[in-house]
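The values are calculated or read from the model by the stated rules, or taken from the named source; none is laboratory data. In this text the structure is predicted, and so the values were computed from the model without any measurement. Neighbour counts run over all protein chains shown; Cβ positions are idealised from the backbone, glycine included.
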Amino acid sequence: MESSALARRDVYKWGFITALGVIVGYLAVLLANVRHFYTDDTESQYAPLWVMLGNRLRDGQFPAMIPEHWMAGNYTIEEAGLLNPPQLLIDLIAPSVDNVALYATVVKLIFAIVLGLGVYRICLEYGSSAPWAAVAGISIPFTGWLLFFDEASWYTAFVGTAWLAHAWASGVRYARGRSGPIPTFVFLYLAISVQYIFPAVEAGLMIGAVAVGEVVYQRKWAPSLRLLAAAGFAALAGLATYLPSMLSAKVTWRGTAQINNDQFLTVPWSESLNASLPSTLPAYNSWWGYVQPMPVVYIAWFLIPALAFIDWRKARENWREFSAIALFAIMALMWTAGPGTIGPLRWPARVLPMVALGLLVLVCVLLGRYATFDGWRRRGVAAGVLIGLLFVRSFSAAPRELGWHVVAVVSVAALGAAVVWLGRTKGMVAACVLTLVAVFPIAYLQVRAVQPTPMSWNLPEKRSEMKAAFPDFTGTTLQLADRGPIPPAQKNLQGAYGSLVFGNYAKDLELTYVSGYTPNGHFWFGEMLCMLWDTSVCPDAFRRAFAVEPTTGKTIVDLMKVDRVVLQRALYPDARNQPAPEGWKWVDYPGHEQQISVLERVDGLISTRNGRVAAAAGVTAASASETDWTSRVRVNSATGGQVVFARLGWPGYRATIDGREIPTRLVAKTFVAVDIPAGTTDGELELSWRPPGWQLGAASALLGLVGVGVLQWAFLRGRRRGDDGPDTAAGTGEPTAPTSDLVDTNR
């Protein structure tokens with residue numbers, strides 16, 4: 001068998017080992033906590049969102065706007081991934097799976113494998129041996145911040161990182177003439193279109209680092225310019241994902257661009273570098289005070305001690321080839337220290353996965369090319385000193401955990417000694433196998449040590465059980481409740497979750513509730529009902545909901561066309577002792593009296609009457625047709641008047657009468673209203689919404705596709721002419737190190 005065939009078989013074998021190792025690691029974590037990957041934002045935001053979006057897609061609707069969801073109903077500015085094809089597939093499957101915890105875990109496992117293989121590919125592109133590349137690929141999903149935040153909770157950040165890793169590997173291949181631009185373009189687009197800004201910005205930094213690194217390495221500009229062009233076209237294609245958010249920012253909580261430094265979730269560099277002691281509990285400000293309850297800055301147990309077993313003389317000779325990796329790690333490390341807010345980018349600790357990615361790739365590439373056991377005694381002493389420094393840093397941050405730090409030091413030292421012994425006696429492959437196998441028990445112990453997790457909402461897992469326990473609330477429901485005071489013993493179907501919804505829980509139940517989980521809520525709507533990101537409200541919300549809006553003479557709940565108001569008994573214990581508001585009645589729901597009091601309209605549901613017309617003054621207005629995006633109304637007005645719609649005033653609305661555009665305005669800074677001209681007879685009023693900037697976004701996407709097509713044509717043309725063969729190592733005349741063909745097929 002030819003050596004090239006043997007090499008390719010080796011690459012695929014270790015790629016399979018990488019995927020298998022990630023699966024084993026996930027099983028280890030699940031043994032420690034079966035709900036680890038179904039916690040916090042995953043249970044309260046993402047998994048229910050998939051169910052709702054999937055149901056809408058199955059009904060043939062593109063769910064960019066759902067007016068009845070009010071503050072959280074503009075899904076072009078939420079983390080919905082509406083323009084991301086893999087995410088749409090996940091949405092489509094979601095309604096068919098009863099156990100949302102299981103589904104979320106499987107989805108995350110798939111992306112963990114995608115991430116692991118992406119890191120494996122990066123290492124191979126920089127010349128690492130396949131076994132050390134597999135060590136990096138298996139380790140990355142179990143680094144601290146990824147394991148305890150992005151994988152456990154912040155799903156879109158995790159998925160974006162997975163696609164970013166493949167974009168990095170494909171970008172290096174393209175810059176070095178081994179692949180066309182299409183894989184780089186596709187993976188960058190997928191990272192951008194998850195609809196979460198951090199991966200998009202991080203991908204930009206990564207491409208910039210690779211472009212600089214390739215100039216340093218190849219000593220010519222053309223490859224990097226081609227790479228930057230491909231990345232630019234991917235950014236153009238992904239622009240439509242963020243234009244609605246940018247153009248709607250002025251009405252949201254986030255507001256417009258700002259730069260602040262409040263020190264919340266900003267991580268000192270000394271903490272970020274404490275990467276190899278599994279017991280580390282870093283010190284910085286977060287929700288849990290100054291000392292964190294989870295090892296979120298941990299990267300890999302071998303990362304720092306292994307530095308002693310690299311032949312640095314040989315590594316220095318080829319430093320140009322690795323400059324991009326080091327540059328990316330340095331940029332990420334600097335970002336973690338602040339500022340705390342840069343426009344929509346807040347909480348710099350979120351960049352810790354990029355620090356882990358950069359350092360893990362760098363060290364494993366160096367080990368894969370320059371690992372040595374020569375002078376192992378001297379190197380062992382150096383490794384011991386490095387472990388001692390880790391101990392000092394970890395003890396300084398969390399001195400109360402002295403016992404666990406000592407255990408961690410002894411364990412890392414023992415594992416390191418065993419790896420060195422295996423490497424010297426059995427070979428490097430055996431050393432790599434022990435290195436990666438040790439990842440699994442460490443992940444298990446780390447997750448086990450922080451149980452019960454401080455992040456869980458403890459929402460139910462099976463939708464069938466949720467629906468069976470919950471009242472069958474038809475129409476549109478406004479809930480006035482506060483999640484904060486619910487005791488842990490009540491966070492189950494027998495308690496609060498059998499009667500109350502928080503976050504996106506109503507979407508699991510397939511019920512229509514006002515608002516939901518939203519990090520980008522409408523400022524004025526939130527102020528009107530004092531409603532927060534998780535649907536919690538203040539006690540004054542009841543009065544505000546039934547207050548009369550003076551210009552229309554209608555109550556807020558009338559303008560919203562709400563059918564039902566659910567009051568949390570803990571927040572409003574005496575509500576039922578008061579008479580029901582005019583036009584409403586108290587309704588009993590047996591078995592739920594301990595948790596809620598319910599008001600419903602005397603005359604039945606109004607959300608389905610006359611479309612979304614909520615109020616009309618001086619006008620007769622009869623709904624002709626309704627969709628989520630468009631209201632068509634027949635209007636008559638001799639003297640002129642006003643029509644108010646049960647639609648929240650997001651940017652993007654446009655009104656016409658008989659095809660002539662007329663202005664829209666807002667009532668109470670919240671509700672979309674239209675002034676009808678005097679003398680209007682049987683006019684067709686059309687109020688339509690489109691994502692702001694959609695035409696520019698579509699044109700930009702088309703330009704991006706055309707651009708990458710031109711780059712692909714140029715690449716193929718160059719290949720035919722023999723202009724773009726594989727590059728040789730700068731200044732040496734030697735071929736570059738072996739690479740992976742695992743994902744890129746466009747060669």
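Observations on the structure shown:
- Test: residue in region 213-220 that is more than 23 Å from the chain's Cα centre (by Cα), in a helix (DSSP H, G or I), modelled with pLDDT of 95 or more and surrounded by fewer than 21 Cβ atoms within 10 Å (Cβ to Cβ): yes
- Any hit, region 473-488, residues being buried (at least 20 other Cβ atoms within 10 Å of the Cβ), part of a helix (DSSP H, G or I) and in contact (Cβ under 8 Å) with a residue 40 or more places away in the chain: no
- Residue list for region 595-626, restricted to those being surrounded by 13 or more Cβ atoms within 10 Å (Cβ to Cβ), in a loop (DSSP other than H, G, I, E, B) and out of contact with any Phe, Trp or Tyr (no Cβ under 8 Å at 6 or more places or on another chain): 595, 605, 606, 607, 608, 610, 611, 618, 619
- Scanning region 155-176 for residues that are farther than 30 Å from residue 56 by Cβ, without any contact (Cβ under 8 Å) to a residue 60 or more places away in the chain, buried (at least 24 other Cβ atoms within 10 Å of the Cβ) and among the small types (Gly, Ala, Ser) turns up at least one hit.
- Where strands (runs of 3 or more DSSP E) fall wholly inside region 643-723, the ranges with 3 or more residues that are touching a residue at least 24 places away in the same chain (Cβ under 8 Å) are 653-657, 671-676, 680-689.
- When residue 644 is tested against the conditions (1) over 26 Å from residue 545 (Cβ atoms); (2) hydrophobic (A, V, I, L, M, F, W, C); (3) surrounded by 20 or more Cβ atoms within 10 Å (Cβ to Cβ), the lone failure is (1).
- Of all residues in region 276-295, those that are buried (at least 23 other Cβ atoms within 10 Å of the Cβ) and hydrophobic (A, V, I, L, M, F, W, C) total 3.
- Restricting region 433-485 to residues that are among the acidic types (Asp, Glu) and more than 26 Å from the chain's Cα centre (by Cα) leaves a set whose member that is modelled with the lowest pLDDT is 472.
- Apart from one condition, residue 610 fits all of (1) modelled with pLDDT of 95 or more; (2) among the polar types (S, T, N, Q); (3) under 39 Å from the mean Cα position of the chain (by Cα); (4) more than 26 Å from residue 669 (Cβ to Cβ); the exception is (4).
- Test: residue in region 371-382 that is buried (at least 16 other Cβ atoms within 10 Å of the Cβ), part of a strand (DSSP E or B) and modelled with pLDDT of 95 or more: yes
- Yes/no for residue 332 being touching a Gly at 6+ places or on another chain (Cβ under 9 Å) and part of a helix (DSSP H, G or I): yes
- Inside region 572-594, residues that are in a loop (DSSP other than H, G, I, E, B) and either farther than 22 Å from residue 472 by Cβ or of a type outside the set (A, V, I, L, M) (or both) make up a count of 15.
- Filter pass, residue 180 being crowded, with 24+ Cβ neighbours inside 10 Å and farther than 28 Å from residue 349 by Cβ: yes
- Residue that is farthest from the chain's Cα centre (by Cα), among those in region 242-271 that are part of a helix (DSSP H, G or I) and crowded, with 24+ Cβ neighbours inside 10 Å: 271
- Matching entry among 447, 420, 410, 433 (being in a helix (DSSP H, G or I) and surrounded by fewer than 16 Cβ atoms within 10 Å (Cβ to Cβ)): 410
- Considering region 509-565, and only residues there that are out of contact with any Gly (no Cβ under 7 Å at 6 or more places or on another chain) and basic (Lys, Arg), the residue that is surrounded by the fewest Cβ atoms within 10 Å (Cβ to Cβ) turns out to be 543.
- Scanning region 556-569 turns up one or more residues that are in contact with a Phe, Trp or Tyr (Cβ under 9 Å, 6 or more places away or on another chain), part of a loop (DSSP other than H, G, I, E, B) and either under 30 Å from residue 630 (Cβ atoms) or assigned by TED's automatic domain parsing to the domain that holds residue 645 (or both).
- Top-ranked residue in region 627-641 [being of a type outside the set (Val, Ile, Thr) and assigned to a strand (DSSP E or B); ranked as surrounded by the fewest Cβ atoms within 10 Å (Cβ to Cβ)]: 634
- Any chance residue 506 is among the small types (Gly, Ala, Ser) and surrounded by fewer than 19 Cβ atoms within 10 Å (Cβ to Cβ): no
- Residue within region 673-690 that is surrounded by 19 or more Cβ atoms within 10 Å (Cβ to Cβ), in contact with a helix residue (DSSP H, G or I) (Cβ under 8 Å, 6 or more places away or on another chain) and not β-branched (Val, Ile, Thr) present: no
- Just one of the listed residues (559, 529, 567) is within 21 Å of residue 472 (Cα to Cα), touching a residue at least 24 places away in the same chain (Cβ under 8 Å) and among the hydrophobic types (A, V, I, L, M, F, W, C), namely 567.
Okay, residues lined up against (1) over 30 Å from residue 512 (Cβ atoms); (2) part of a loop (DSSP other than H, G, I, E, B); (3) of a type in the set (A, V, I, L, M, F, W, C):
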| position | (1), (2), (3) |
| --- | --- |
| 10 | yes, no, no |
| 15 | yes, no, no |
| 20 | yes, no, yes |
| 29 | yes, no, yes |
| 35 | no, yes, no |
| 45 | no, no, no |
| 49 | no, no, yes |
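- Elements of type helices (runs of 4 or more DSSP H) contained in region 60-149, each with 2 or more residues being surrounded by fewer than 23 Cβ atoms within 10 Å (Cβ to Cβ) and either touching a residue at least 24 places away in the same chain (Cβ under 8 Å) or at positive phi (or both): 85-93, 100-125
- Region 334-343, residues that are surrounded by fewer than 21 Cβ atoms within 10 Å (Cβ to Cβ) and either over 26 Å from residue 215 (Cα atoms) or at pLDDT 95 or above (or both): 337, 338, 339, 340, 341, 342, 343
- Sole exception among (1) out of contact with any Gly (no Cβ under 6 Å at 6 or more places or on another chain); (2) surrounded by fewer than 19 Cβ atoms within 10 Å (Cβ to Cβ) for residue 438, by number: (2)
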